[in-house]
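A.B. asks: Have a look at this one before I ask anything.
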């Protein structure tokens, strides 16, 4: 099973400057994150805290749905799923 992970511009230095990665063997969002730990630990550190939960200002979308409104990190993935990492952006005038 393969999942595509879309990486935002501000996190690409932590993904080897990749805009998109493919992760194999994950059936949930939590497993997807665990699979990324070995190859991209700094990226994972930006996504989840020491408690293993999503950081407050990072959103993960499965398709068009925020995983927080699904089953959180236990959200099931299908073959060909697309997960987008979207850090919150603040500021402006």
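The values are calculated or read from the model by the stated rules, or taken from the named source; none is laboratory data. Small disclaimer: the values here were computed from a predicted structure and weren't measured. All Cβ positions, glycine included, derive from the backbone under ideal geometry; neighbour counts span all protein chains shown.
Every residue, every condition in (1) modelled with pLDDT of 95 or more; (2) assigned to a strand (DSSP E or B); (3) loosely packed, with under 13 Cβ neighbours inside 10 Å, yes or no:
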site: 59; (1), (2), (3): no, yes, no
site: 79; (1), (2), (3): no, no, yes
site: 84; (1), (2), (3): yes, yes, no
site: 92; (1), (2), (3): no, no, yes
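A.B. asks: Just the residues that are touching a residue at least 12 places away in the same chain (Cβ under 8 Å) and surrounded by 14 or more Cβ atoms within 10 Å (Cβ to Cβ), please, taken from segment 14-26. Working first, answer last.
C.D. replies: Initial filter on segment 14-26 (touching a residue at least 12 places away in the same chain (Cβ under 8 Å)): 14-16, 19-26.
Residues satisfying the conditions are 14, 15, 21, 23, 26.
A.B. asks: While we're here: Give me a count of the residues in segment 35-57 that are in contact with a strand residue (DSSP E or B) (Cβ under 9 Å, 6 or more places away or on another chain) and surrounded by 14 or more Cβ atoms within 10 Å (Cβ to Cβ).
C.D. replies: Start the filter on segment 35-57 by keeping residues that are in contact with a strand residue (DSSP E or B) (Cβ under 9 Å, 6 or more places away or on another chain), which leaves 35-36, 39-40, 43, 46-48, 54-55, 57.
Those left that are additionally surrounded by 14 or more Cβ atoms within 10 Å (Cβ to Cβ): 35-36, 40, 43, 46-48, 54-55.
Selection size over segment 35-57: 9.
A.B. asks: Now for a different question. Residue under question is residue 11, and the condition is that it be surrounded by 14 or more Cβ atoms within 10 Å (Cβ to Cβ), under 22 Å from residue 64 (Cα atoms) and out of contact with any helix residue (DSSP H, G or I) (no Cβ under 8 Å at 6 or more places or on another chain); does it hold? It would help to see each step written out before you state the result.
C.D. replies: Numbers: surrounded by 14 or more Cβ atoms within 10 Å (Cβ to Cβ): yes; under 22 Å from residue 64 (Cα atoms): yes; out of contact with any helix residue (DSSP H, G or I) (no Cβ under 8 Å at 6 or more places or on another chain): no.
When the stated conditions are applied, residue 11 does not pass them.
A.B. asks: Given the residues 44, 23, which is the only one that is outside any helix (DSSP H, G or I) and either at pLDDT 95 or above or in contact with a helix residue (DSSP H, G or I) (Cβ under 6 Å, 6 or more places away or on another chain) (or both)?
C.D. replies: Working: 44 fails: outside any helix (DSSP H, G or I).
After applying the criteria, what remains is 23.
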